[in-house]
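Asker: Starting off with a structure, shown below.
Throughout, read-outs are computed from the coordinates displayed, never taken from laboratory work. Quick caveat, the model's predicted, so the values are computed rather than measured. Here Cβ is always computed from backbone atoms with ideal geometry, including for glycine, and neighbour counts include all displayed protein chains.
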Amino acid sequence: MQITESIIIECLNELQSAAIAKQKYADYYNGNHSILKNYAMQESRSNQKLIFNFPRKFVDNEVGYLLGKPVNYVSKSDQDEAIHNIDVHMSHWDKEHNLQLRKQSEIFGESYELNYIDSDGQFSATVLSPLNAYVLEDGTAERNVLLGLHKFTRRFDKQVYLDVYTDHEILHYTISSDDKHNPIKQNQAPELKYIGKHNHIFGRVPLISCPANTERKSGFHDVISLFDAYNALNSDLVNEIADHRNAYLVIENAKL
């Protein structure tokens, strides 16, 4: 498949759409629930908003249960040298990496692993999410990756950058119509500016999709409405108690 700028822009538009749709999962995990915006405010009562952050508890418990102990590798064909090489090159970073990879998968339904060679010439990997990464698959049963995108910013720099990964190259772009203060609108095509490229050694797209399940759904997608109801009911209860905890009933000239 020939990688053209028009294909890159189409993939970038899909990344943008997915990021908008899946931002709510990051919000819920970080405690920014819908009650903060949608709670019915009333002047005649207290309006405290309670948030029970069950999404964080669910995700952290699941990840801790699965990966509380590091992943160990065993060779079924007695290739001890291969196991030794894995331990040498990965044992100092893969435990935290695997935890983060599974955590992002549980939050968003899928996460991405980006393989690279670090400044010391060692193999390494980092974790990306659907908010800043995208892979284009070939549609076959093997789901081979044809193209990978990584969108990112640098600190103290308003410019947004895009790295495009192919089988042999990393293409570098800036997105001229997109920055932190001027995001791309939903129907606005991004403008790419090519700034360079360099080769990589992997022989394949080094961006790998890691789905949490076959539907690629967030681990707490189906119970978000329950979280909202629980937050609202408990907020109402607390506000009722707060308003009436010092209330007195006085009856004059009558008997009960």
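Asker: About the Cα centre of the chain, how large is the charge dipole given +1 on each Lys and Arg Cβ and -1 on each Asp and Glu Cβ? Please answer in debye to the nearest 20. Before the final figure, lay out the partial values.
Answerer: Working: 26 positive and 35 negative charges, 189 e Å.
The calculated dipole for the chain is roughly 900 debye.
Asker: For residue 103, go through the lysines and keep the ones whose alpha-carbon is under 19 Å away, minus same-chain ones fewer than eight residues off.
Answerer: 22, 24, 57, 69, 95, 217
Asker: Once the Cβ-Cβ distance between residue 24 and residue 215 is put in as r, and R0 is 22 Å, what FRET efficiency do you end up with, to the nearest 0.05? Intermediate values should be presented prior to the final figure.
Answerer: On the way: r = 17 Å, r/R0 = 0.76.
In this case the efficiency is close to 0.85.
Asker: May I ask for the percentage of alpha-carbon pairs in the chain that lie more than 26 Å from each other?
Answerer: Working: 18338 of 32640 pairs.
The answer is 56 percent, as a whole percent.
Asker: If the cut-off is 27 Å between C-alpha atoms, which lysines fall inside it for residue 197, apart from same-chain ones fewer than 8 positions away?
Answerer: Cross-link targets: 151, 158, 180.
Asker: Kindly express, to the nearest 10 degrees and within the range 0 to 90, the angle between helix 5-29's C-alpha long axis and the longest C-alpha principal axis of the chain.
Answerer: For helix 5-29, the angle is close to 30 degrees.
Asker: Between 0 and 90 degrees, rounded to the nearest ten: what's the tilt of helix 224-244 against the longest Cα principal axis of the chain?
Answerer: Roughly 30 degrees between the two axes.
Asker: What does the highest-first list of 133-139, 1-7 look like by mean Cβ count within 10 Å? Please report the intermediate quantities before stating the final value.
Answerer: On the way: 133-139: 17.6, 1-7: 10.9.
Ranking the peptides 133-139, 1-7 by packing returns 133-139, 1-7.
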